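One structure is given here, and the rest of the page talks about it.
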Amino acid sequence: MWRAIFLRLYAVAAFVTRWFRVALKPPYEWREVVRQCREIGLRSIGIITLTGFITGIVFTKQSRPSLADFGATSWLPSLVSLALVRALAPLITSLIIAGKVGSNMGAELGSMRVTEQIDAMEVSSVNPFKFLVVTRVVAISLMLPVLVTFMAFVGLAGSFLNVHQNEQTSLEAFIEDAFGRISFLDLFSSAFKSLVYGFTIGMTSCYMGYTAEQGTVGVGKAANSAVVVSMFLIFVEEILIVQVVNAMR
Amino acid sequence: MTMRENTRHLLLGIFVAVGAGLFILAVLTVGSRQQSFARTVRIRVLFDDAQGLQPGNNVWLSGVKIGTVKRVSLDENNRVEVLLSIGRDPFSHIYRDTRGKIGTDGFIGNRIVILYGGTKTTGRVAEMAVLTGEQTVRTEDMLATLQANNKNLLVITGELKVIAQKINTGRGTLGVLLNDERMAGQLRRTVGGLHSAAERAEELTEKLDVFAGSLNDSAGLVHRAFTDTLVFQQLQETLEGLRTASGRVAEAAADIRQGTEGLKSDRTPAGVLLHSEEVADDLRVTMEHLRTSSQKLDEDLEALQHNFLLRGFFRKREKARKDSMAKSAGRLR
């Protein structure tokens, strides 16, 4: 068992190392990167908008009673904005993308592996690792920060609607309060987290799909593993990054 | 590249641009809030207690946010040196005698540095100058005072409870007043008495009113005394005479008092005569002697009248007296 674990860890490390080696070496597959960005980014806007908006409203509604006990409902904008920027937006977006895009990547690459399409690409002049893995990981790493920013603003919009409806707070006052407590560290740590989560989702999903075995069963397994392992790693990374950021604060 | 691909690329470009734009907007908003992109000036404030102040906390002047706390550190005397970053414009409103204190943004909000006071005549503060910080009342102190008040309130309510119980059970003056029917009757009678007294006072007032009216009557003596100058002058003279007479009476009374004092004293002859028993005894003996002496003298004088040397004289005088009486009787006839 331990042997299998260490062999798997070696395989993962070798996969990541290969990614950096291949990604930095030209030629670059920009067209495929752009296509993947479109697939990952544009195709996810709908669900991210909906989820972000609902998150903003629900978090505001759930926080109100606790703050109302102290007569501090005016803190709702700063509370929601801090929660969204520091944790909710990166985490929820990453989990959604892990579920939506990660499973897609795992299944797609797994399918290509078990149908020997990747082997066929290797026979031809195309580098399948560069074309399939590097482009996807780069695309998801670039798109996730954008999606996180988008979700944070949509969440704030939902929060504003709720706050405005209940506390009659103006947009100007809401923005003043919402950004009053946010620091540069919060913004950049959130962007960094998104980048790391994107990279993690991309690498995990591609690894699971690229190394899929056992035919169609392996495809399902790769898709499932891509989501589960990505989510697990995201939570582990969240703990580590929060510790580091809090130490810097 | 097909038209469809172009559209897809355009949409992706817009999406990325919007995302990046939003991020830049957030950075700029946070930066403007923290005055990260504005030119700032730094000053220091010394406090005895930082009360949990942290870098990033706001600085207020007259309720307006003018900067942020950049650093909180201890100096060699264990005082807290707080470095403030202030915007250039509001910095011109800070004077040398401006003071700082640590407060909170709202009742349970973040710590803030509040700059207050300052007079124009002292001049504007220089960069990196040190302002004096004042200790403010902390929440813990307020709660301690509140706790003391609660204890006092507890004692007061306890005592009030005892008083209320006494009143309810008819003990104490108030209790008797509220519960004793006999006392109520007495009070009622007292009030009745007061009522009748008030009526009498009213009558008296009416009479006084009438009297006052009579004073105003021009034919009355009092009115004349107050209005007629001749009568007033006479009254004044009379009063002057009375004053003189009373002065004299006072002098006489003083003399009498002095005489009486003399009589009371055993050092004056009269006092000795009045008070000394020895003198009284002497006087009594002297009087006795005088009485016996005068008796004897009377006898002696009687004897002298029959003495041959003086008998002639007395006979002549008797005869003259009888002649005089006869002449008088003759004239009467």
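Per-structure values
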read-out	value
For A:40-47, mean number of other protein chain Cβ atoms within 10 Å	2
Nearest-ten-degree value, helix B:229-264 long axis tilted from longest Cα axis of chain B	70
Percent of beta bridges antiparallel (DSSP, segment B:39-136, rounded to nearest 5)	75
Helix runs (DSSP H) in chain A reaching 24 Å along axis by Cα, Kyte-Doolittle at least 0.5	A:2-24, A:45-69, A:135-167, A:184-210, A:215-248
Under-24-angstrom lysine pairs by C-alpha in segment A:31-248, whenever the two are 8 or more apart or on separate chains	4
Lysine pair number, Cα distance threshold 24 Å (strictly under), chain B, separation 8 or more or different chains	8
Segment B:1-105: chymotrypsin sites (Phe, Trp or Tyr not before Pro) in DSSP coil with no more than 11 other Cβ atoms inside 10 Å	B:Phe37
Rounded to 5, percent antiparallel among DSSP beta bridges of chain B	75
Over chain B - Rg/Rh using Cα atoms and the Kirkwood inverse-distance radius	1.60
Principal axis dimensions, largest first and in whole angstrom, of the protein assembly as shown by Cα	214, 63, 61
B:Asn168 versus A:Ala87: modelled label distance in nm, points set 7 Å from Cα along the beta carbon direction	5.3
Acute angle (nearest 10 degrees) that the helix B:277-305 long axis makes with the longest principal axis of chain B, alpha-carbon atoms	20
Beta bridge orientation in the protein assembly as shown: antiparallel %, DSSP, nearest 5	75
Between helix B:311-332 and chain B: long-axis angle, C-alpha atoms, 0 to 90°, nearest 10	80
Two-site FRET efficiency, B:Asp105 against B:Met3, from Cβ-Cβ distance with R₀ of 56 Å, rounded to 0.05	0.50
Solvent-free Debye scattering, log10 I(q)/I(0), computed from the Cα coordinates of segment B:228-291 at q = 0.14, 0.24 Å⁻¹	-0.62, -0.92
Loop chymotrypsin sites (Phe, Trp or Tyr not before Pro), segment A:56-92 (other Cβ atoms within 10 Å of the site Cβ: 12 or fewer; DSSP)	A:Phe70
Point-to-point label distance, A:Val58-B:Ser92, nm (Cα→Cβ direction, 7 Å offset)	5.3
Restricting segment B:250-333 to GluC sites (Glu not before Pro) in coil, as DSSP defines it, with at most 16 other Cβ within 10 Å	none
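Every number here is computed from the coordinates shown, using simple stated rules; none is lab data. This one's a predicted model, so the numbers in the text were calculated from it and none came from an experiment. Positions of Cβ are generated from backbone atoms using ideal geometry, with glycine treated the same way; all protein chains shown enter the neighbour counts.
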